[in-house]
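This report refers to the structure that appears directly beneath it.
Every number here is computed from the coordinates shown, using simple stated rules; none is lab data. Quantities reported herein were computed from a predicted structural model and do not represent experimental measurements. Glycine gets a Cβ as well: all are built from the backbone with ideal geometry, and neighbour counts include every protein chain shown.
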Amino acid sequence: MIFEPFKIGNLDVKNRIVMPPMCQYSSDNSGTVKPWHIAHYVSRAIGGVGLIIVEATAVEPDGRISPDDLGIWDDSHVDGLKELVKRVHENGAKIAIQLAHAGRKSKATNEPVAPSAIRYSEHYGHPRELKENEIEQIVDEFQSASKRAQKAGFDGIEIHAAHGYLINEFLSPLTNKRTDMYGGSVEKRAKILVEIVSAIREVWDKPLWVRVSASDYAKGGNDVDDTIDILNLLRDRIDAVNVSGGGLVHDQSVKVYPGYMIDNAGMVKIGTGLAVIGGGLINSLEISEYALNSEKCDLVFVGRQLLRDPYWPLKIAHESGIDIEWPFQYERAKDVTKLKT
Ligand SMILES: Cc1cc2nc3c(=O)[nH]c(=O)nc-3n(C[C@H](O)[C@H](O)[C@H](O)COP(=O)(O)O)c2cc1C
């Protein structure tokens, strides 16, 4: 099933393998695309990934996780991103971008911001509580970033609402202690995300989805049911959800094993009816097939396995005798019985 095509909204993806966003910390203070990014993403396209999601890309300089993050806060970022999109397309994959703001987990600023002035740990700065007009400004930044993503030719946008970065900080009661319209009930905590989705929808008509931490893996934090309630506030405006977990608090408690977040993906799929990208330590065809055949998710994200092996999709197809299209340059490795000398 992993090599069967899937449609996210109106986007045709040739198989169910998604490279999830993974920060490379390989730009510089400019935030522009570097040769590393081209080599890194293009090699996974050559390796047979259906959909590549570019790493967390900052909508403003203070929203970077590190000073070497990719950026999309300025028009000067568009040319490099456009080149990246073109090169990935030439090699047969679809490419989306993850739009992000690091919130209190930014190490690129002396003045990190957050819904509430609670720091992540002693290794991070003390965040300042955002004022309402600053929240509106951040919503606008996500919209401007989406216009640039459109100019660069991306096939999809993923909003980073997971892993304890700004939007996740608003969503969780552990990090959002506000008493204004952006804090309190699920609806109020989700208000910033709903506003961002609506603002992007004004300028973007291609597939749009959200990455969530389905569970904070911490007492008093969000669990899958809360996440489903949040997603149901957006369901009619997004095309899918990428289900991850954790990263909100430093003392989270999570057991990891191959496929450890797939059950959460399945619950989100049932609870929202959205197309779901799921995973967590996926490292074999068997686990992927289990996730897909059990209908817990529609696509699987394969992160660190693809860092170890950019050609993992070609490799598992080869090992299991599944006939897929290979880059013509590599066809002599597809069926070695046809080896010409
Ligand atoms: C080097 C690295 C960087 C990451 N950066 C991001 C990121 O930018 N955005 C994001 O949502 N997740 C990020 N993640 C999490 C991955 O997308 C993925 O969810 C995680 O690695 C678990 O999947 P895996 O077990 O298949 O690797 C990162 C993970 C790694 C290893």
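Please give every one of the lysines within straight-line cross-link reach of Lys82, meaning a C-alpha to C-alpha distance under 17 Å, and leave out same-chain neighbours fewer than 8 residues apart.
Partners found: Lys34, Lys94, Lys147, Lys151, Lys206.
Per DSSP H run of at least 4 residues, take -39500 (n - 2.57); add these up for the chain, divide by its residues and hand me the 222 nm value, nearest 500 deg cm²/dmol.
Numbers: 11 runs with 111 residues, N = 341.
It lands at -9500 deg cm²/dmol.
Given +1 on the Cβ of Lys and Arg, -1 on the Cβ of Asp and Glu, and no further charges, what dipole in debye does the chain carry about its Cα centre, rounded to the nearest 20? Please list the in-between numbers first.
On the way: 40 positive and 48 negative charges, 131 e Å.
That gives a dipole near 640 debye.
What is the set of long-range amide H partners of Asn242 at a cut-off below 5 Å, with H atoms built 1.01 Å from backbone N?
Under 5 Å from the amide H of Asn242 lie the amide H atoms of Val210, Arg211, Val212, Ile277, each far enough along the sequence or on another chain.
Once you place label points 7 Å from the Cα toward the Cβ at Leu11 and Lys86, how far apart are they in nm?
2.1 nm
With r defined as the distance between the Cβ atoms of Ser320 and Val194 and R0 fixed at 51 Å, what FRET efficiency is calculated, to the nearest 0.05? It would help to have the intermediate numbers written out before the result.
Working: r = 43 Å, r/R0 = 0.84.
Efficiency for this residue pair is about 0.75.
Evaluate the charge dipole of region 249-341 about its Cα centre and quote only its size in Debye, nearest 20, assuming +1 on the Cβ of each Lys and Arg and -1 on the Cβ of each Asp and Glu.
My answer is approximately 280 debye.
Given the options Asn176, Ala152, Ala114, identify the residue whose Cα lies farthest towards the positive end of the charge dipole of region 6-338 (+1 on Cβ of Lys, Arg; -1 on Cβ of Asp, Glu).
Ala152
Using R₀ = 25 Å, calculate the FRET efficiency as 1/(1 + (r/R₀)^6) where r is the Cβ-Cβ separation of Asp79 and Asn29; round to 0.05.
On the way: r = 17 Å, r/R0 = 0.69.
For R0 = 25 Å, the calculated efficiency reads 0.90.
Does the chain classify as rounded, prolate or oblate by the C-alpha gyration tensor (a ≥ b ≥ c root eigenvalues; a/c under 1.5 gives rounded; else a/b over b/c gives prolate, otherwise oblate)?
Numbers: a/c = 1.88, a/b = 1.47, b/c = 1.27.
In terms of gyration-tensor shape, prolate.
Express in nm, to one decimal, how much length is gained between Arg304 and Thr179 on full extension, taking 0.36 nm for each residue of separation and deducting their alpha carbon distance.
Numbers: separation 125, 0.36 × 125 = 45.00 nm, distance 3.95 nm.
Between Arg304 and Thr179, full extension yields an extra 41.0 nm.
Hey, what do the phi angles of region 25-41 turn into as Karplus ³J(HN,Hα) couplings, whole Hz, using 6.51/-1.76/1.60 and θ = phi - 60°, x for Gly and Pro?
Once θ is set to phi - 60°, the couplings for region 25-41 become 6, 10, 8, 9, 4, 6, x, 8, 5, 10, x, 4, 5, 4, 4, 4, 6 Hz.
With a ≥ b ≥ c taken as the square roots of the eigenvalues of the C-alpha gyration tensor of region 8-162, please select rounded if a/c is under 1.5 and otherwise prolate if a/b is larger than b/c or oblate if it is not?
Working: a/c = 1.98, a/b = 1.83, b/c = 1.08.
Prolate, since a/c reaches 1.5 and a/b exceeds b/c.
Of Gln329, Ile228, Ile135, which is farthest on the positive side of the dipole of the chain, counting Cα position, with +1 on Lys and Arg Cβ, -1 on Asp and Glu Cβ, and the Cα centre as origin?
Ranked along the dipole, the leading option is Gln329.
Could you go through region 188-197 in sequence order and give the Karplus-derived ³J(HN,Hα) for each residue, using 6.51 cos²θ - 1.76 cosθ + 1.60 with θ = phi - 60°, rounded to whole Hz, and x for Gly and Pro?
Along region 188-197, the couplings run 6, 5, 8, 4, 4, 5, 4, 5, 5, 4 Hz.
Between Glu289 and Lys255, what is 0.36 nm times their sequence separation minus the Cα-Cα distance? Round to one decimal in nm. Show your work: numbers first, answer last.
On the way: separation 34, 0.36 × 34 = 12.24 nm, distance 2.16 nm.
Gain on stretching Glu289 to Lys255: 10.1 nm.
What FRET efficiency, computed as 1/(1 + (r/R0)^6) with R0 = 35 Å and r the Cβ-Cβ distance, is obtained for Lys334 and Met22, rounded to the nearest 0.05?
Numbers: r = 27 Å, r/R0 = 0.78.
Calculated transfer efficiency: 0.80.
Residue by residue, what Karplus-based ³J(HN,Hα) values in Hz, rounded to whole numbers, does region 128-140 have, using 6.51, -1.76 and 1.60 with θ = phi - 60° and x for Gly and Pro?
9, 6, 5, 7, 4, 5, 6, 5, 4, 5, 5, 4, 4
If you stretched the chain out fully between Met1 and Lys131, how much longer would it get, using 0.36 nm times the residue separation minus the C-alpha to C-alpha distance?
On the way: separation 130, 0.36 × 130 = 46.80 nm, distance 4.79 nm.
Net length gain for the segment: 42.0 nm.
Which of rounded, prolate, oblate describes region 218-265, given a ≥ b ≥ c as roots of the alpha-carbon gyration tensor eigenvalues and a/c under 1.5 marking rounded, otherwise prolate only if a/b is larger than b/c?
Oblate, since a/c reaches 1.5 and b/c is not below a/b.
How many nm is it between the label spots at Trp36 and Glu111, if each spot is 7 Å from the Cα in line with the beta carbon?
For Trp36 paired with Glu111, the spin-label model returns 2.9 nm.
How many nm separate the modelled label positions at Asp140 and Arg119, each set 7 Å beyond the Cα in the direction of the Cβ?
3.1 nm
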